[in-house]
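Colleague: Okay, handing you the structure first.
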Amino acid sequence: MTTIESKGEKATRQGFSDALLELGKENPDVVVLGGDVSGSVKVDAFAKAYPDRFFSVGVAEADMMGVAAGLSLVGKIPIASAYGEFAAGRPFDQIRQSLAYSEMPVKICASHCGITVGPDGATHQSLEDVALMRVLPRMTVICPCDYLETKRAVKSSISITKGPVYIRFFRDNTPMFTDESMSFEIGKANTLIDGTDVTIIAAGLQVWEAIQAAEVLAAERISARVINMHTIKPLDKKTILKAAQETRALVTAEDHQIHGGLGSAVAEYLAQEHPTPQEFVAVNDTFGESGKGAELMKKYGIAREDIVKAVKKVLRRKK
Amino acid sequence: MPASNPHNSEMRDLQEMARQIRRDIIKMLMISQSGHSGGPLGLADIFSCLYFRILKYDPSNVTWPERDYFFLSAGHLAPVWYATLARAGFYPLSEMSTLRKINTRLQGHPAPWYTHGLPGIEIASGSLGQGMSIAVGAALGLRMDRKPNHVYVLHGDGELDEGQVWEGIMTAGHYSVDNLTAIVDRNFCQIDNRTDKVMELEPLADKWRAFRWNVIECDGNDISDFLVAVEEAKAIKGKPSVVIAKTFMGKGVSFMEDDYRWHGVPPGIEQGKQALSELEPTKFGDFVEFEWEKQVAEVVK
Ligand SMILES: Cc1ncc(C[n+]2csc(CCOP(=O)(O)OP(=O)(O)O)c2C)c(N)n1
């Protein structure tokens with residue numbers, strides 16, 4: 001089995017921040033909008049480097065989406081930043097009408113997503129954002145897995161000139177395990193580990209958990225394929241179909257509600273194309289609570305042990 | 001390329017065009033038998049002024065970089081915009097008869113030209129309250145590039161109940177965007193009742209002033225008064241301006257005037273005929289008679 005090593009830890013939101021600095025230098029049309037959480041979502045470095053291209057709109061996420069649409073209309077490339085819950089949930093109707101229906105190429109960059117945001121508790125744990133964004137026509141949804149992938153996702157999103165992009169990332173420092181030698185293309189999943197018995201399709205922080213789970217399983221002679229599904233919409237159907245046909249059992253894993261996220265996206269597709277036994281590792285239709293990210297992952301059933309359990313369960317259903 | 005408004009009409013023509021727009025609105029709604037009558041009729045004078053005197057645009061080139069930006073935030077007012085866009089040369093007059101029908105570019109609420117809407121529509125509206133933020137974004141972007149284009153956004157007064165409008169108003173005040181002019185259609189009517197019954201807005205002018213805006217109040221059914229107000233708004237530097245234009249819902253049709261119950265319903269065929277008899281025909285002529293007659297006949301059947 002291929003082993004994938006962590007080369008230290010850094011936050012995905014730092015990848016966002018570093019991407020902005022590079023974009024600021026490369027493209028004078030890039031503008032950034034902040035909503036009074038500039039330090040925590042890490043747009044402060046851009047604001048400092050390019051003060052004329054940073055707009056504070058106050059604690060007003062609905063307004064932020066509209067201002068971004070207007071900036072986009074006159075030729076700017078706006079990057080709207082907020083915490084996940086307030087980037088997707090609060091301004092949903094604004095995103096729907098002014099960005100998606102109107103095809104505005106605005107980048108919505110959502111930090112502090114998922115239950116792993118931790119101590120702030122349920123109000124700040126956006127567990128529905130992928131579902132909300134994924135159902136919008138003309139929307140692209142990306143959930144990168146580590147620092148570098150977040151940086152690359154943000155940078156590549158600039159090439160999307162029609163319709164909005166939602167990029168979801170996280171607060172905590174997490175393992176860095178992707179490198180420049182791996183390709184990154186929006187809409188194209190990366191198979192990180194080859195395997196023949198089962199496939200684990202993961203997004204975001206669960207990609208690292210899936211890699212760890214695959215190692216545990218390998219020791220028990222279960223060969224698990226691990227796919228990093230960084231783009232949830234448009235879904236890389238080819239890679240999913242191939243995995244379903246070759247391994248005939250799937251587990252999806254994400255830091256999101258069980259309904260409407262990556263697992264649903266995969267199941268919706270396969271139900272039509274190639275029905276395959278699937279287990280869902282996700283937050284099970286409940287709200288979170290305060291705690292440390294790692295503690296919450298365990299308590300709410302989205303850690304590596306849960307992936308291992310789900311694999312064993314799906315293997316029993318495999319035909 | 002027009003250096004200013006491509007029509008630059010005289011006062012008398014603006015008045016006559018407003019009447020023609022009212023006739024068009026009635027006919028469109030008679031044919032569609034669906035859509036909003038009251039607000040659009042009240043705004044015909046303002047739209048005549050905007051498209052035949054004030055705005056800079058080229059109807060044959062909707063992406064002309066020097067154009068002014070106009071946003072209709074209250075998308076349900078579409079019929080007055082659609083009639084005006086046809087009259088201003090953005091699309092054929094006869095297409096007005098397709099309002100709200102399958103495959104039309106005249107969607108129930110405005111869709112942008114680059115998806116499935118009419119030329120001249122920059123962005124979607126219909127869900128109320130979003131236009132101010134968009135206008136502020138456009139104004140900020142234009143100002144960054146030191147461009148002279150002016151941005152206009154039109155709101156209904158009931159629409160001002162939406163919190164997002166005030167977020168945008170605050171943002172515009174904070175950034176002192178003086179290339180932005182807002183227009184409020186102050187007809188004191190919304191769906192459920194008069195505005196003071198649904199949600200009191202007064203003191204409305206003071207609210208805008210408190211958000212660092214320059215406020216001009218005028219009669220929105222008086223063309224010369226409105227033109228002067230917009231001139232003044234554009235001349236004010238250092239802060240955004242709002243023109244609070246008092247209008248009458250249903251203006252021009254006796255049985256609709258100042259009655260909130262005409263907010264969202266079309267005239268029936270007999271009511272439509274009555275309305276048209278009150279709005280004298282103009283030199284501009286109605287849009288293709290036989291087509292709409294035929295369709296009205298279908299509706300009546
Ligand atoms: C977000 C949203 N909520 C509700 C509606 C339904 N709605 C359409 S028009 C309207 C009233 C608007 O009143 P006003 O702006 O005064 O327009 P007028 O009655 O003068 O035409 C409402 C509530 C809507 N279109 N969007």
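Colleague: When all protein chains stay in place, what accessible area (Å², nearest 10, 1.4 Å probe) is found for A:Leu315?
Modeller: Approximately 50 Å² of A:Leu315 is accessible to the 1.4 Å probe.
Colleague: Going by accessible area, probe 1.4 Å, with all protein chains left in place, what is the ranking of B:Asp259, A:Asp52, A:Asp129, B:Asp161, largest first?
Modeller: A:Asp52, B:Asp161, B:Asp259, A:Asp129
Colleague: Compute the relative contact order of segment A:111-210 as a whole-number percentage, counting only Cα pairs closer than 8 Å that sit 6 or more residues apart in sequence.
Modeller: Values: 114 pairs, mean separation 30.3, N = 100.
This gives 30 percent for segment A:111-210.
Colleague: Quickly work out the B:Val288-to-A:Glu215 label distance, labels modelled 7 Å from Cα along the C-beta direction, and quote it in nm with one decimal.
Modeller: So the two model labels end up 7.3 nm from each other.
Colleague: Sum up the charges of everything whose Cβ sits under 12 Å from the Cβ of B:Leu99, counting Lys and Arg as +1 and Asp and Glu as -1, but leave B:Leu99 out.
Modeller: Within the 12 Å Cβ shell, the charges total +2.
Colleague: Hey, another quick one. Shielding of B:144-151 by partners, i.e. mean partner chain Cβ atoms within 10 Å per residue?
Modeller: 3
Colleague: Once you have the Cα-Cα distance between A:Asp194 and A:Ser6, take 0.36 nm times their residue separation minus that, and quote the gain in nm to one decimal.
Modeller: Answer, rounded to one decimal: 65.9 nm.
Colleague: Among the DSSP beta bridges whose two residues both lie in chain A, what percent are antiparallel, rounded to the nearest 5? Could you put the intermediate results ahead of the total?
Modeller: Values: 9 of 43 bridges.
Bridges in chain A are about 20 percent antiparallel.
Colleague: Residues with amide H under 5 Å of A:Thr174's amide H, sequence separation 5 or more or different chain, H placed in the peptide plane at 1.01 Å from N; which?
Modeller: A:Lys10, A:Ala11, A:Thr12
Colleague: OK, next. One quarter of the convex hull surface, Cα atoms only: what value does that give for segment B:8-300 in nm²?
Modeller: 13.9
Colleague: Work out the mean other chain Cβ neighbour count within 10 Å for the residues of A:49-56 and drop it here as an integer.
Modeller: Values: counts 0, 0, 0, 1, 1, 0, 8, 3.
So the per-residue partner count for this stretch is 2.
Colleague: Rounded to the nearest 10 Å², what accessible area does A:Tyr83 have for a 1.4 Å probe in the complete protein model?
Modeller: 40
Colleague: Pairs on different chains or at least eight residues apart, Cα atoms closer than 21 Å: how many lysine pairs in segment A:10-175 fit?
Modeller: 25
Colleague: Starting from the Cα-Cα distance between B:Lys237 and B:Arg12, subtract it from 0.36 nm times their residue separation and give me the gain in nm to one decimal.
Modeller: The span from B:Lys237 to B:Arg12 would gain 77.9 nm if fully extended.
Colleague: Taking the 0 to 90 degree range and rounding to the nearest ten, how far is the long axis of helix B:163-174 tilted relative to the main principal axis of chain B, both from C-alpha atoms?
Modeller: 40
Colleague: How tilted is helix A:304-317 with respect to the longest principal axis of chain A? Cα atoms for both, answer in degrees (0 to 90, nearest 10).
Modeller: Roughly 50 degrees between the two axes.
Colleague: Using the Cβ atoms and a cut-off under 12 Å, what net charge is assigned to the surroundings of A:Cys143, where Lys and Arg are +1 and Asp and Glu are -1? Mind showing how you got there, number by number?
Modeller: On the way: positive: A:Arg134, A:Arg168, A:Lys233; negative: A:Asp129, A:Asp146, A:Glu149, A:Glu254, A:Asp255.
Once all neighbours under 12 Å are counted, the net charge is -2.
Colleague: Looking at segment B:8-300, send over the antiparallel percent of its DSSP beta bridges, to the nearest 5.
Modeller: The antiparallel fraction comes to roughly 5 percent.
Colleague: Averaged over peptide B:123-131, how many Cβ atoms belonging to another chain are found within 10 Å of each residue's Cβ?
Modeller: 6
Colleague: Could you put B:His109, B:His263, A:His230 in order of accessible surface area, largest first, with the 1.4 Å probe and the full protein assembly present?
Modeller: These residues rank, largest area first, as B:His109, B:His263, A:His230.
Colleague: Rolling a 1.4 angstrom probe over the protein chains, ignoring ligands and nucleic acids, what is the accessible area of A:Ser38 in square angstrom, nearest 10?
Modeller: That residue has around 30 Å² of solvent-accessible surface.
Colleague: Can you sort B:Asp192, A:Asp306, B:Asp225, A:Asp146 by solvent-accessible area, 1.4 Å probe, largest first?
Modeller: From most exposed to least exposed: B:Asp192, B:Asp225, A:Asp306, A:Asp146.
Colleague: Roughly how many Å is it from the Cα centre of segment A:214-258 to that of segment B:139-198, as a whole number?
Modeller: Rounded to whole Å, the Cα centres lie 49 Å apart.
Colleague: Between A:Asp93 and B:Trp64, with labels modelled 7 Å along Cα→Cβ, what's the label distance in nm to one decimal, could you check?
Modeller: With each label point 7 Å from Cα toward Cβ, the separation is 3.5 nm.
Colleague: Taking segment A:190-317, how many lysine pairs are there with alpha carbons less than 20 Å apart, if each pair must be eight or more places apart or span two chains?
Modeller: 7
Colleague: Whole number please: convex hull volume per residue of the Cα set in chain A, in Å³?
Modeller: Measuring per residue, one finds 116 Å³ for the Cα hull of chain A.
Colleague: Each residue of segment A:52-63 in turn: what ³J(HN,Hα) in whole Hz from Karplus with 6.51, -1.76, 1.60 and θ = phi - 60°, glycine and Pro shown as x?
Modeller: For segment A:52-63, the Karplus-derived couplings read 6, 10, 10, 10, 8, 10, x, 7, 8, 5, 5, 4 Hz, x marking Gly and Pro.
Colleague: Compute the Rg/Rh shape ratio of the protein assembly as shown: radius of gyration over Kirkwood radius, all on alpha-carbon atoms.
Modeller: So for the protein assembly as shown, dividing Rg by the Kirkwood Rh gives 1.05.
Colleague: Starting from 0.36 nm per residue, how many nanometres of slack lie between B:Val198 and B:His174 once their C-alpha separation is accounted for?
Modeller: 5.7 nm
Colleague: Need one number: % antiparallel among DSSP beta bridges in the protein assembly as shown, to the nearest 5. Please report the intermediate quantities before stating the final value.
Modeller: Numbers: 10 of 66 bridges.
Of those bridges, close to 15 percent are antiparallel.
Colleague: So, R0 is 30 Å and r is the distance between the beta-carbons of A:Lys48 and A:Asp179; what FRET efficiency does that work out to, to 0.05?
Modeller: Efficiency at R0 = 30 Å is approximately 0.55.
Colleague: Let me ask you something else. For chain B, find the longest principal axis of its Cα atoms and tell me its angle to the long axis of helix B:269-278, 0 to 90°, nearest 10.
Modeller: For helix B:269-278, the angle is close to 70 degrees.
Colleague: Right, something else. So, counting K/R as plus one and D/E as minus one, what does the shell of residues with Cβ under 10 Å around A:Met297 add up to? Numbers along the way, then the final one.
Modeller: Working: positive: A:Lys292, A:Lys298, A:Lys299, A:Arg304; negative: A:Glu209, A:Asp255, A:Glu295, A:Glu305, A:Asp306.
Net charge around A:Met297: -1.
Colleague: Please tell me the relative contact order of chain A in percent, rounded to the nearest whole number, where contacts are Cα pairs under 8 Å and at least six residues apart.
Modeller: On the way: 758 pairs, mean separation 57.8, N = 319.
Result for chain A is 18 percent.
Colleague: Using alpha carbon centroids, what distance separates segment A:1-79 and segment A:100-153, in Å?
Modeller: Using only Cα atoms to place each centre, the spacing works out to 13 Å.
The values are calculated or read from the model by the stated rules, or taken from the named source; none is laboratory data. Keep in mind that this is a model prediction, so the values were computed, not measured. Ideal geometry is used to build each Cβ from the backbone, glycine not excepted, and the neighbour counts take in all protein chains shown. Areas reflect the complete protein model, heavy atoms only, side chains present, ligands, DNA and RNA absent. Shrake-Rupley method; radii C 1.70, N 1.55, O 1.52, S 1.80 Å.
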